[in-house]
Amino acid sequence: MTTETVPTQLSLPPLRLGRLTVDVPVVLAPMAGVTNRAFRRLCREYGGGLYVTEMVTARALAERRPDSLRIIEHDDDEKIRSIQIYGVDAVNVGRAIRMVAEEDRADHIDLNFGCPVPKVMKNGGGSALPWKTDLFEAIVTTAVREASRADIPVTVKMRKGIDEDHMTFLDAAKTARDAGVAAIALHGRTAAQHYSGQADWDAIAQLRGAIEDIPVLGNGDIWSAEDAARMVEQTGVDGVVIGRGCQGRPWLFGDLQAAFEGRADRFRPGVAEVADIIYRHAELLVDTFHDEHRGMREIRKHIAWYFKGYPVGGQLRASMAQVSTLEEFRDLLNQLDLSLPYPGADVEGPRGRAGSPKKPHVPDGWLNSRILGDAERLGLADAELDISGG
């Protein structure tokens, strides 16, 4: 169901990433356990954009571990096959990207320098890594060089810094630009903020002003097409990155495309439509994992997101959060009052776990110098053992 609102015009040209053109300058942010093939397909059915895989570790990818290869699988009709790689070692990043390039496994590669999760940062990865300027430069330069073998554009996603006393985004962005990246995305929070508080759109505008020769994308607190329009107006970015705002709301990409086309219509689904959408999501997950029980385990985390603000009883929500088969899920969804309309404002706004500010977990002595020491270099050896993804 759609309703008419005041038209929001997002006047931006297509996003250019090297040889690639993204007609609708909207990017689905990589989210572990969320942006798998199933969810990307669901989002694409509503609107255009660039849809990035879950994060995969460079070492696991270079070693061809089965789960890492699954993470970077794409549907045949994904126009731009986009993957995100995380690494703390230039050699492993180079090996992974060389394999991707030589085997034609992607059209676009994003590098993760924005993850605030303690298990990533404590090993010097994610948001902690740009603090070490030599390590950051080595990884980005290697990535661009290896990707250029197949004319694959590389982008980077980062946060403002580790905390307010250890900002990295401006110098890291300049290093990345000089290394030849195709675009830079900035989440307007520090790692210490995690997802709490408000995203600093002024920092995004500052970056846009400092880096004028390649696209800059803004990320943080975009919950609606109207939020995206405000970010573009306030910051001058070339595109927007959508993360938690689309959790349980794949139709947000339809709203965004409508805004880019100057249309006022927005998706305002009632309970029956949400039930159909989440059931289709479950079917796609079963297909993605080739395993009904695995697919149904995956859909459980989405229940609260899809029904945020909808009048769904606690017992029914609890039952759906333990669902194990598609048939059982359909039966539970049929117990909803399918006549209920879109609830309005209760559905809008922030979603997902914001949490609270956290002391950043970085390796001992990490903040003492911006140059990587020999002991720290040895300490990175085990940092890429996890596959990542969901």
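Let me know the whole percent of all Cα-Cα pairs from the stretch 96-242 that are separated by more than 20 Å.
Above the 20 Å cut-off, the stretch 96-242 has 47 percent of its Cα pairs.
Quote the accessible area belonging to residue 294 in square angstrom, nearest 10, computed with a 1.4 Å probe and with ligands, DNA and RNA left uncounted.
Surface accessible to solvent at residue 294 totals approximately 60 Å².
Using only Cα atoms, figure out Rg for the stretch 225-322 and give it as a multiple of 2.2 N^0.38 Å. Mind showing how you got there, number by number?
Numbers: Rg = 15.9 Å, N = 98, 2.2 N^0.38 = 12.6 Å.
After normalising by residue count via 2.2 N^0.38 Å, the value is 1.27.
Treating the beta-carbon of each Lys and Arg as +1 and of each Asp and Glu as -1, no other charges, what is the dipole magnitude of the stretch 14-138 about its Cα centre, to the nearest 20 debye?
The dipole of the stretch 14-138 has a size of about 300 debye.
Given H placed on each backbone N at 1.01 Å, which residues far from residue 79 in sequence or on other chains put an amide H within less than 5 Å of it?
Excluding prolines and chain starts, which carry no amide H, there are no hits.
Can you give the three extents of the C-alpha atoms in the chain along their principal axes, from longest to shortest, in whole Å?
Result, largest extent first: 63, 43, 40 Å.
Quote the charge dipole size of the chain about the Cα centre in Debye, to the nearest 20; the model charges only the Cβ of Lys and Arg (+1) and of Asp and Glu (-1).
580 debye
Short version: ³J(HN,Hα) in whole Hz for each residue of the stretch 317-325, in order, from phi by Karplus 6.51 cos²θ - 1.76 cosθ + 1.60 (θ = phi - 60°), x for Gly and Pro, what are they?
After applying 6.51 cos²θ - 1.76 cosθ + 1.60, I find 4, 4, 5, 5, 6, 10, 5, 10, 9 Hz.
Compute log10 of I(q)/I(0) for the stretch 170-239 with the Debye formula, placing one identical point scatterer on every Cα and leaving out solvent, at q = 0.24, 0.27 Å⁻¹, to two decimals.
Debye output, listed in q order: -1.06, -1.22.
Please work out how much length the chain gains when fully extended from residue 91 to residue 280, using 0.36 nm per residue of separation minus the C-alpha to C-alpha distance, in nm with one decimal.
Extra length available between residue 91 and residue 280 comes to 64.0 nm.
Using a Cα-Cα cut-off of under 24 Å, which lysines could be cross-linked to residue 157, ignoring same-chain neighbours fewer than 8 residues away?
Partners within reach: 79, 119, 122, 132, 174, 358, 359.
Translational D (Stokes-Einstein, µm²/s) of the stretch 241-390 at 4 °C and 1.567 mPa s when Rh comes from the Kirkwood sum over C-alpha pairs? Each step should come with its number before you reach the end.
Values: Rh = 18.6 Å.
Estimated via Stokes-Einstein, D reaches 70 µm²/s.
The values are calculated or read from the model by the stated rules, or taken from the named source; none is laboratory data. Everything quoted here is computed from the prediction, not taken from an experiment. Heads up, the Cβs are rebuilt from the backbone with ideal geometry, glycines too, and the neighbour counts pull from every protein chain shown. All accessible areas refer to the heavy atoms of the entire protein, side chains included, with ligands and DNA or RNA removed. Shrake-Rupley method; radii C 1.70, N 1.55, O 1.52, S 1.80 Å.
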